[in-house]
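This report refers to the structure that appears directly beneath it.
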Amino acid sequence: MQRSGRHEGEKGRAGVRGLALAALLVAAAGTTVGAGATEQSPPVPVHALAMHGTPKYPADFTHFDYVNPDAPKGGSIRLASEGSFDSFNPFIPKGDAFSNIGVETLLTSSADEPFTEYGLIAETLEVPADRSWVIFDLRPEARWHDGRPITADDVVWSLETLKAKGQPFYRFYYGSVASAERLGERRVKFTFTETGNRELPLIVGQLPVLPRHYWEGRDFESTTLEPPLASGPYRITEFEAGRFVVLERVKDYWGANLAVNRGENNFDRIRYDFYRDRTVIRQALKSGLVDFYEENQAKAWARDFDVPAVREGRLVKEAVGHRQPTGMQAFVMNTRRAVFADRRVRYAIAHAFDFEWTNEHLFFGQYVRTESYFSNSELAATGLPAGEELEMLERYRGRIPEEVFTTPYAAPSTDGSGWPRDNLRRAFALLADAGWVVRDLELAHRDTGEPLAFEILLYSPEFERVVLPFVRNLRRLGMAPRVRLVDRSQYINRLRSFDFDMIVGGWGQSNSPGNEQRSYWTTSAADSPAARNFAGVRDPVVDELVELVVMAPDRESLVARTRALDRVLLWGHYVVPNWHLSNDRLLYWNKFSRPAVTPDAGTSFSLWWYDADKAARLERGERVAEGPRR
């Protein structure tokens, strides 16, 4: 399960700016260029690459620790998706595409390491100490579903096509790739525009490899309901546009016996049914039409599943913990708007959100307040800065809020009574300091007379019940907020054109932040619809801190630099932090089993398997007790 940091409810590039920053990066990075490597060491083929340090699994490993290598193959699973689809081309900005079309990548990540990738289509890779390029050697057995081999030409064509014709994201994500060169039938080299960026070879390893011979006779920039040729463990065999898609396991899948795939992809058949909203999905689950579902609403988790099937153990309701960073979900203020230009106004608005009341009355106490952009991880800033983090921040003293050095960040809190009187007093003081006064019971700027008004843009009706109490407190301050609910397509278009005041947004994070931070926070990303700088952050200090994160030479420096970035962003008050969970709320019919070990990234149904014994007992209507994991 990919985790977005969102419960109720990639990486990019920007150039290093200026000689002063370049000098700072060199000084901060020191002379270390890679674990166990020197600048004179010639690159050698390796089976895997870690962001920092060395891979956990050796070249002769047989399977990941968190899988059941002997999991039986067979059976089926029915999943539910909210919404619809009208295309099988997820690589372009047109249409509402079904994305699980079976496209493989050069490398694949493990789920129990911060960021390490192992060969998938690529059998080995070579990188120099400065990681200025990477060479992949493709597996000779790697095949498309039509039997033709995957070649270096396919890889080069995929990069060029995605950057030229694909989603804007790809141009940003692979912006640091200067060239892709075919060195042989199964050998390809990527050269980068930067040196010392340890993540770039891993980013290229995530490249979706597409079949050149298939797409050359078709319009890549058009939507299509013809399932495209792919290379993965499943292929689309049945579908009805907007209603369902059926995937069947490829019996002669070329990668079935690879160590990275052993114990995974166990179901013979996966069916995705599309529903209009989650209320209908929950009813379909309880009636047996859906087998596996991840709940994202606290109210539904608390109230909607007190049914006989759950009480008897036939429908399992289970919270499965994980140790994955949960990122930041928040009310995001668009600082491109004049009303949010002042940090004091943004901080005042944060005082109007009563998380304690919301958590108790709307979420049944299930959530934890988010107080970091890297929550639920060692990357989160805590206490006061010290050590390398403090040394880094001292360079910016006078250019960043003084609270960074004097006050541990904590989101404004309340007594949960629903009347945050003390918080509103503090908000009034901040607003007065920023030049806002009360006139006729409304806030207006003392110089211009403009009211403090803004729109909160939503696309999920489920979020209205959360936003309206927040709006009530904002109005108590004399502000004039309004809530607008739009459909998903309009919402996406308005985001891309920066046509919004406040949204409920978020930034998912990994255990190894890097190039994606450029897309989230930098000045160059603030004007790019391909990026995710929703808040419109334009701060030279943030730009430099992001570059320091990207160029971190080892894990210890990465943690210190990420905490420094986190701290500066928090005290910039670009968002009103929301909440997070450190578990996945799962519901599934008791006819499946999963491995005994849950990796740091959390479980995934791709690791599960159909348990014939459980299924037979379920079919007979027997009461089922959950047994030990296998």
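Here are the numbers for the structure shown:
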| quantity | calculated |
| --- | --- |
| Residues within segment 596-606 that are buried (at least 21 other Cβ atoms within 10 Å of the Cβ) and closer than 24 Å to ALA309 by Cα, tallied | 1 |
| Qualifying residues in segment 360-373 (those that are at negative phi and in contact with a Lys or Arg (Cβ under 8 Å, 6 or more places away or on another chain)) - the one surrounded by the fewest Cβ atoms within 10 Å (Cβ to Cβ) | LEU362 |
| Residue in segment 507-515 that is hydrophobic (A, V, I, L, M, F, W, C) and buried (at least 21 other Cβ atoms within 10 Å of the Cβ) present | yes |
| Members of segment 510-552 that are under 18 Å from VAL575 (Cα atoms), among the small types (Gly, Ala, Ser) and under 18 Å from the mean Cα position of the chain (by Cα) | SER519, ALA525, ALA531, ALA535 |
| Selection status of ILE92, under 20 Å from VAL250 (Cα atoms) and outside the structural domain of LYS251 (by TED's automatic domain parsing) | no |
| Of residues in segment 282-320 being in a helix (DSSP H, G or I) and within 24 Å of ARG269 (Cβ to Cβ), the one farthest from the chain's Cα centre (by Cα) | ALA309 |
| Close pairs (7 angstrom Cβ cut-off, 6 or more residues apart or separate chains): in a helix (DSSP H, G or I) in segment 536-548, of a type outside the set (D, E, K, R) and modelled with pLDDT under 95 anywhere | GLU544/LEU21; GLU544/LEU24; GLU547/VAL16; GLU547/LEU21; GLU547/LEU25; LEU548/LEU25; LEU548/ALA28 |
| In segment 219-239, the residues that are closer than 23 Å to ILE281 by Cα and either out of contact with any strand residue (DSSP E or B) (no Cβ under 9 Å at 6 or more places or on another chain) or small (Gly, Ala, Ser) (or both) | none |
| Cβ-Cβ under 6 Å pairs, at least 6 apart or on other chains, segment 567-588 side part of a helix (DSSP H, G or I), far side among the acidic types (Asp, Glu) | TRP571/GLU403 |
| Where ARG323 falls short, out of the listed (1) outside any loop (DSSP other than H, G, I, E, B); (2) among the charged types (D, E, K, R); (3) at pLDDT below 95 | (1) |
| Positions within segment 53-99 being under 30 Å from PRO553 (Cβ atoms) and in contact with a Pro (Cβ under 7 Å, 6 or more places away or on another chain), in sequence order | TYR66 |
| Filtered residues of segment 210-245 (kept if crowded, with 18+ Cβ neighbours inside 10 Å and of a type in the set (Val, Ile, Thr)) | ILE236, VAL245 |
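Residue-wise test of (1) farther than 25 Å from ARG494 by Cβ; (2) modelled with pLDDT under 95.
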| site | (1), (2) |
| --- | --- |
| ASP342 | no, no |
| ARG346 | no, no |
| HIS351 | yes, no |
| ASN359 | yes, no |
| VAL368 | yes, no |
| TYR373 | no, no |
| ASN376 | yes, yes |
| THR382 | yes, no |
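The values are calculated or read from the model by the stated rules, or taken from the named source; none is laboratory data. Please read these numbers as outputs of a predicted model, since none were measured by experiment. Neighbour counts are summed over all protein chains in view; Cβ atoms, including those assigned to glycine, are modelled from backbone coordinates with ideal geometry.
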